[in-house]
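Novice: Here you go, one structure.
Where a number appears in this text, it was derived from the coordinates with a stated rule and is not lab data. Because the structure is predicted, anything quoted here is derived from the model rather than measured. So basically every Cβ, Gly included, is an ideal-geometry build from the backbone, and we count neighbours across all protein chains shown.
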Amino acid sequence: MRRRAFLGAVGASMAGLAGCMGQPEYNLSNFSAKGASGPFEFDASLDGGGITVDSSGTLTLTLTNTQSDPITIKSRTFWPFGVPRLSLAEEERQHDFQNTNTTRDNGFDSLYDVLPVRDKYEQSEAINVSAINEPRSIELELAEKAIQPDKTITREYEIGGRGISFDGTYELYGFDGKPLFEYDAGNGFEPFEPSVTLKIERKQLIPFI
């Protein structure tokens, strides 16, 4: 191919990628999930090693009642896991913003938190999620229901690139600093707080020359 034709083809290709290259992309790695003590088998999985502002990875949470009796689960609004959030680990938060109060009245920190989104959010009046996956409003009413013996509950959440401010290790929490849910196996309600972490890292895109 002649040099002029080659440069023309490269120029056309770069022009087509210009919109995409201006959007941040992220790697998802170092995923870890550990169940909490309690009468459940808990598992979490992550599908997708990279995300952008227009595509997402899928976080799947699974819970099984391993006991011979039903167990009552109490969560906030969306049963059984409530409205989980990914929060940047405390030790990795940026020092430049340590005196900035970004936490909203509803308990979501717009700077350090990422909201994994379910399709049920769009169908509910309890939560109104903005274009960058920040909850503009949320009503965390209690939802209480029993999970039967050997019953498995699975919920999928999308993690998108919108709303991510910092690289680092993120930890899964319930909304407003609460546990994912509380359960009563016959001795009163107790918190269920598994450990789920993942690393979000901005990809190094090829710069324009």
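Novice: Quick one: 3J(HN,Hα) in Hz for the range 63-71, Karplus 6.51/-1.76/1.60 with θ = phi - 60°, rounded, Gly and Pro as x.
Specialist: Working through the residues one at a time gives 9, 10, 7, 9, 8, 8, 10, x, 10 Hz.
Novice: Under a point spin-label approximation (7 Å from Cα along Cα-to-Cβ), what is the residue 74-residue 30 distance to one decimal in nm?
Specialist: Inter-label distance under the simple model: 3.6 nm.
Novice: Ordered by packing density, taken as the mean number of other Cβ atoms within 10 Å over each peptide's residues, highest first, how do 47-53, 148-154 rank?
Specialist: Per-residue mean Cβ counts within 10 Å order the peptides as 47-53, 148-154.
Novice: Which residues does the label zone of residue 156 cover in the range 47-61, counting backbone N under 18 Å from a point 7 Å along Cα→Cβ?
Specialist: 47-52, 54-61
Novice: Any idea what the relative contact order of the range 118-207 is, in percent, if you count C-alpha pairs under 8 Å spaced at least 6 apart?
Specialist: Here the relative contact order equals 20 percent.
Novice: What does the highest-first list of 169-179, 65-75 look like by mean Cβ count within 10 Å?
Specialist: The packing order, highest mean first, is 169-179, 65-75.
Novice: With an 8 Å cut-off on Cα pairs and a minimum separation of 6 or more residues, tell me the relative contact order of the range 24-202 in percent.
Specialist: 36 percent
Novice: Mind checking which lysines have their C-alpha under 20 Å from residue 145, skipping anything on the same chain fewer than 8 residues away?
Specialist: List returned: 74, 120, 178.
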